[in-house]
Amino acid sequence: MKTRFLIILGIVVAVSVLYASISINDNAINVIYDSQRNSVDIFQDFVNSQKRVDTTMNTWFDMMLHSDDDLKNTVAILESEKNIQDKLYDEYVNLPDSEKTNEEIHRKIIDSINDGWLAKNIENLKPQKDAERIFRITLEHNGCENTCPVYSIMIDGDGSVLYKGLKNVKEIGKQEYQIQSDVLTELNPFLLEAYRDNIDEYGVQDDAKNTVIITIQFGQPKRITNHDNSGPVWLKDFEDKINEIAQTRQYVFG
């Protein structure tokens with residue numbers, strides 16, 4: 001009887017140990033699984049970083065006059081986000097291929113890092129000194145073989161506007177006037193797109209078609225040429241917004 005009891009007890013203990021071992025292994029597997037980050041996790045962190053970058057750049061664009069401390073803080077934040085994005089990029093490329101099947105995630109992470117637009121923005125801001133901290137937007141509206149208006153607008157950060165009417169417009173010649181400088185912040189979304197865009201010319205030049213050139217002087221100048229509205233929708237919206245805040249309709253169309 002005693003022998004039978006010991007045998008049964010041994011079996012129970014063995015089963016208990018085996019069950020405990022399986023449970024521990026299962027928990028270990030769950031811990032490992034929970035600690036592994038997939039492409040969606042990485043992408044979400046990447047998107048959050050991009051949002052913080054956009055907020056930082058919007059704040060910078062909002063301030064037409066900046067102190068050295070403002071500039072240093074802005075650059076420091078952007079450099080921190082660049083380090084975060086570089087690490088996320090490394091984390092993503094080291095994932096197994098089975099985790100890289102989402103084309104949108106792959107394209108946005110790989111393209112954004114490889115384009116280097118964040119690094120370019122950092123380098124664009126770094127050299128700015130008080131005397132060089134100029135904000136200027138220029139819009140050149142070239143004509144076509146028909147009756148397209150030919151004019152240019154130059155808007156400075158203090159709200160001063162210089163209009164030049166050349167052809168097919170109501171007012172020929174120069175007009176100088178002032179607008180409220182705070183309305184320039186309405187250009188912020190377009191400035192972000194412009195500095196994120198690596199393409200400087202859309203379409204092919206043709207004298208029979210209209211060409212619009214937008215030049216941004218904010219640190220290093222950036223010039224975007226759009227032939228016959230060949231560029232993305234935001235670029236045409238950018239042109240329209242410049243015309244709107246510069247109040248040029250009265251001089252172009254009357």
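The values are calculated or read from the model by the stated rules, or taken from the named source; none is laboratory data. Since the structure is predicted, the reported quantities are computational estimates derived from the model, not experimental observations. Because the Cβ atoms are built from the backbone with ideal geometry, glycine has one as well, and the counts that use them run over all protein chains shown. Just the protein is used for accessible areas: all its heavy atoms, side chains included, with ligands, DNA and RNA removed. Shrake-Rupley method; radii C 1.70, N 1.55, O 1.52, S 1.80 Å.
Here are the numbers for this structure:
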read-out: Spread of Cα-to-Cα distances over 5 Å intervals beginning at zero, given as percent, for the stretch 72-131; value: 4, 16, 24, 20, 13, 9, 7, 4, 2, 1, 0
read-out: Extension gain (nm, one decimal) between Ser230 and Arg52, 0.36 nm per residue minus Cα-Cα; value: 61.0 nm
read-out: Percent of alpha-carbon pairs separated by more than 22 Å within the stretch 74-190; value: 60
read-out: Counted charge near Gln178, where neighbours are those whose Cβ lies closer than 14 Å (Asp, Glu -1; Lys, Arg +1); value: -4
read-out: Theoretical gain in end-to-end length, Leu166 to Asp69 [0.36 nm per residue, Cα-Cα removed]; value: 30.6 nm
read-out: Relative contact order (percent, whole number), the stretch 136-250, Cα cutoff 8 Å, 6+ residue spacing; value: 27
read-out: Solvent-accessible surface (1.4 angstrom probe) belonging to Asp54, in square angstrom, nearest 10; value: 40
read-out: The stretch 136-250, dipole about Cα centre (Lys/Arg Cβ +1, Asp/Glu Cβ -1), debye to the nearest 20; value: 220
